[in-house]
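Peer 1: Once you've had a glance at the structure underneath, I'll fire off some questions.
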Amino acid sequence: MSDGPQLSDLQLGLLRILWDRGEATATDVHAAMVEQDRELAPTTVSTMLSRLEKKGIITHRVEGRQFIYRALVGESEVRRSMLARLTDYFFQGDVSALVSHLVAGRDVDPDDVARVKRLLAERFGAAGE
């Protein structure tokens with residue numbers, strides 16, 4: 001699924017606002033970005049929203065003179081696509097190498113290990129244990 005949406009940090013930030021709110025105007029998105037200490041010009045936000053729309057990631061409806069934007073793709077789809085690309089690029093598609101890298105680079109809480117084991121067991125049955 002690595003051919004799905006690949007987004008910059010800024011694009012992800014804009015999209016997260018739409019995911020959280022459901023719908024928002026460019027003004028609403030700009031205000032939310034300012035609240036997150038991301039100082040962007042309102043025109044930059046409008047341009048980024050237009051680019052996301054051209055990519056088919058968001059759409060808009062018109063209410064009066066305002067465009068009201070909403071996401072067409074979910075967070076899980078974007079996450080899956082971007083993680084697949086990262087796995088392909090840095091680990092030649094080797095998921096176990098990705099997991100090994102994640103575990104080696106962090107302190108892993110025993111509760112996290114138990115949760116991962118449960119997820120693997122749910123996905124693959126007894127073979128995941």
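The values are calculated or read from the model by the stated rules, or taken from the named source; none is laboratory data. This is a predicted model, so every value here is computed, not measured. Heads up, the Cβs are rebuilt from the backbone with ideal geometry, glycines too, and the neighbour counts pull from every protein chain shown. Ligands, DNA and RNA are excluded from the accessible area calculation, which covers all protein heavy atoms including side chains. Shrake-Rupley method; radii C 1.70, N 1.55, O 1.52, S 1.80 Å.
Peer 1: Mind telling me which of the residues LEU102, LEU119, LEU72, LEU86 ends up being modelled with pLDDT of 95 or more and not β-branched (Val, Ile, Thr)? Spell out the reasoning first.
Peer 2: Values: LEU102 fails: modelled with pLDDT of 95 or more; LEU119 fails: modelled with pLDDT of 95 or more; LEU86 fails: modelled with pLDDT of 95 or more.
Only one candidate qualifies: LEU72.
Peer 1: Could I ask something else about it? Name the single residue that is farthest from ARG85 (Cα to Cα) among those in the range 5-33 being open to solvent by 50 Å² or more (accessible area, probe 1.4 Å) and not polar (S, T, N, Q).
Peer 2: Of everything passing the filter in the range 5-33, ASP28 is farthest from ARG85 (Cα to Cα).
Peer 1: Among (1) open to solvent by less than 20 Å² (accessible area, probe 1.4 Å); (2) at pLDDT below 95; (3) not β-branched (Val, Ile, Thr), which single condition is SER2 missing?
Peer 2: (1)
Peer 1: Right, here's the next one. Give all pairs with beta carbons closer than 6 Å in which a residue from the range 27-44 that is modelled with pLDDT of 95 or more meets a residue that is open to solvent by 50 Å² or more (accessible area, probe 1.4 Å); count only pairs at least 6 apart in sequence or on separate chains.
Peer 2: The qualifying pairs are HIS30/PRO42.
Peer 1: With the condition being touching a residue at least 12 places away in the same chain (Cβ under 8 Å) and basic (Lys, Arg), I'd like the helices (runs of 4 or more DSSP H) fully within the range 55-129 carrying at least 1 qualifying residues.
Peer 2: Here the list reads 75-91, 110-124.
A quick yes/no check of all residues on (1) of a type in the set (A, V, I, L, M, F, W, C); (2) assigned to a helix (DSSP H, G or I); (3) closer than 24 Å to GLU77 by Cα:
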{"site": "GLN6", "(1), (2), (3)": "no, no, yes"}
{"site": "LEU12", "(1), (2), (3)": "yes, yes, yes"}
{"site": "MET33", "(1), (2), (3)": "yes, yes, yes"}
{"site": "THR43", "(1), (2), (3)": "no, yes, no"}
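Peer 1: Which number in (1) within 18 Å of ARG21 (Cβ to Cβ); (2) touching a helix residue (DSSP H, G or I) at 6+ places or on another chain (Cβ under 9 Å); (3) not hydrophobic (A, V, I, L, M, F, W, C) marks the one condition that GLU63 misses?
Peer 2: For GLU63, the failing item is (2).
Peer 1: Checking ALA41 against (1) of a type in the set (A, V, I, L, M, F, W, C); (2) crowded, with 18+ Cβ neighbours inside 10 Å; (3) over 19 Å from the mean Cα position of the chain (by Cα): exactly one of these is not met. Which one?
Peer 2: Condition (2) is where ALA41 drops out.
Peer 1: Please find, within the range 79-102, the residue that is nearest to ARG16 (Cα to Cα) out of those that are surrounded by 13 or more Cβ atoms within 10 Å (Cβ to Cβ) and among the aliphatic types (A, V, I, L, M).
Peer 2: Checked the range 79-102; the qualifying residue nearest to ARG16 (Cα to Cα) is MET82.
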